[in-house]
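Accompanying notes for the structure given below.
The values are calculated or read from the model by the stated rules, or taken from the named source; none is laboratory data. Only a predicted model underlies this, so the values are computations on that prediction, with no experimental measurement involved. Here Cβ is always computed from backbone atoms with ideal geometry, including for glycine, and neighbour counts include all displayed protein chains. Remember, those area values only see protein heavy atoms, side chains included, never the ligands or the DNA or RNA. Shrake-Rupley method; radii C 1.70, N 1.55, O 1.52, S 1.80 Å.
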Amino acid sequence: MGALTGIRVLDLSRVLAGPWCGQILADLGAEVIKIERPGSGDDTRGWGPPWMKDSEGQWTAEASYYQSANRGKQSVAVDLATSQGQELVRALVADCDVLIENYKAGSLARYGLDYQSLSTLNPRLVYCSITGFGQTGPRAAEPGYDFIIQGMGGLMSITGERDDLPGGGPQKTGVAFADLMTGLYATIAIQAALIDRQKTGRGQYCDMALLDVQVATLANQSMNYLASGKVPGRYGNAHANIVPYQVFRAADRDFIIACGNDSQFVALCQVIGLPALSADPRFVRNADRVSHRKELVAILAEHFLTATADEWVTAIHAVKVPVGAINNIAQALEEPQIQARCMLVNMPHPLNPQFSMVGSPIKLSASPVEYQRPAPMLGQDTDAVLRERLGLSDEQLAGLKALGIIEQSPSS
């Protein structure tokens, strides 16, 4: 029994922020029914290669991108542009606890699938809208894309190498940061609304915006600006407030030191053979080291070239100063700690019984995450859900299919 067992979610969202939220809820035990367009489904179904390989090692039509954010869900293919499709969704909503959608602001009102309409039908419904800019403000009607939001929201101005160094300039993150963080915040908002519903008996509307989330997650960088009036810049792999806290080059490859306090700096200097450095008035306190960042980094950078990364990591780790190698994704997934934490899970798929994916980081002692099913094929569960939830007969299902209103995966 998962923590959210008994909660039913209707997921009308596409691409990443909304589906990421839905996947988290599914991992926690909620029943998540994903509504997709007949014929094409979620946009990310076409975002390949790479695609999943089948049991014989051949490429399938199942995109890895789609599979990364839709584990644990049922897929029901319904055409929302038709009145019959809208009626099917309204019928499903009557028995749901949560609805997630990421249509442009106001779009679903045309179909009678907005919060005002559906909350009249189901007052206990928690309705979560995810958009680029929210439901209010001068840009509310505009579509929002993670890349644009990372730029507008300030993240790219503090990500990347300094302009005066090779490769300098703003950079986006290697994953869709604004989307993923909005998915997380949306999950928190939904769970808070469900708890509040226990007290009030009523659901509520969650208005989640990628730009809001991006600005909120600037954390210390935005507070640095508000405190000082100085606009933060890019430090590459260095830290704005802590020194030394960055990547260094060893004789063979790069590694990371994250020296978080003055006592760690003393220990670091001792173990690397530069004990006098920690007594230098320029470097005694972290504030001193930040002020004299350039001088200290130059000394350390030259010194670290005298041994290999593994030698430095082993020595520094022994004195409990945070230090580590820089793994590629293959190396990260092979880390013994990742293996021990069960972060790689086998998710047998109809096309590949040996299919694996990265699991949930949520570890609960009494109601642990359970992996019930891999990401579904398009329309895989259309017949089963509409038959079980709405009581539709085989004849009714066949009639809806003939009109193109619903679709059932031929492989299911």
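So which of 257, 190, 242 ends up being of a type in the set (A, V, I, L, M), farther than 20 Å from residue 149 by Cα and part of a helix (DSSP H, G or I)? Quick ask: steps written out before the conclusion?
Working: 257 fails: part of a helix (DSSP H, G or I); 242 fails: part of a helix (DSSP H, G or I).
Going through 257, 190, 242 in turn, the sole match is 190.
Checking residue 365 against (1) under 25 Å from the mean Cα position of the chain (by Cα); (2) within 22 Å of residue 69 (Cα to Cα); (3) not hydrophobic (A, V, I, L, M, F, W, C), only one condition comes out false. Which one?
(2)
Within the stretch 37-76, can you find the residues that are assigned to a strand (DSSP E or B), touching a Gly at 6+ places or on another chain (Cβ under 7 Å) and of a type outside the set (A, V, I, L, M)?
Correct list: 73, 75.
Condition check: open to solvent by less than 20 Å² (accessible area, probe 1.4 Å) and either of a type in the set (Lys, Arg) or within 19 Å of the chain's Cα centre (by Cα) (or both). Does residue 153 satisfy that? Give the derivation first.
Values: open to solvent by less than 20 Å² (accessible area, probe 1.4 Å): yes; either of a type in the set (Lys, Arg) or within 19 Å of the chain's Cα centre (by Cα) (or both): yes.
In short, yes.
Any chance you could count how many residues in the stretch 382-410 are of a type in the set (Ser, Thr, Tyr) and either surrounded by fewer than 14 Cβ atoms within 10 Å (Cβ to Cβ) or part of a loop (DSSP other than H, G, I, E, B) (or both)?
Narrowing the stretch 382-410 to residues of a type in the set (Ser, Thr, Tyr): 382, 393, 409.
Keeping just the survivors that are either surrounded by fewer than 14 Cβ atoms within 10 Å (Cβ to Cβ) or part of a loop (DSSP other than H, G, I, E, B) (or both) gives 393, 409.
Going through the stretch 382-410 one residue at a time, the tally reaches 2.
In the stretch 222-233, is there at least one residue being touching a Gly at 6+ places or on another chain (Cβ under 8 Å) and modelled with pLDDT under 95? Talk me through it step by step, then tell me what you get.
If we filter the stretch 222-233 for residues that are touching a Gly at 6+ places or on another chain (Cβ under 8 Å), which is where we start, we get 222.
Next, only the ones that are modelled with pLDDT under 95 stay: none.
Scanning the stretch 222-233 turns up no residue that is touching a Gly at 6+ places or on another chain (Cβ under 8 Å) and modelled with pLDDT under 95.
With (1) under 25 Å from the mean Cα position of the chain (by Cα); (2) of a type outside the set (Gly, Ala, Ser); (3) part of a helix (DSSP H, G or I) as the list, and residue 116 as the residue in question, which single condition is left unmet?
Condition (1) is where residue 116 drops out.
Filter the stretch 174-192 down to the residues that are surrounded by fewer than 21 Cβ atoms within 10 Å (Cβ to Cβ) and closer than 13 Å to residue 97 by Cβ and list them by number.
191
Looking for whichever is under 24 Å from the mean Cα position of the chain (by Cα), among the β-branched types (Val, Ile, Thr) and surrounded by fewer than 19 Cβ atoms within 10 Å (Cβ to Cβ) here; the options are 148, 130. Which one fits?
Details: 130 fails: surrounded by fewer than 19 Cβ atoms within 10 Å (Cβ to Cβ).
The match here is 148.
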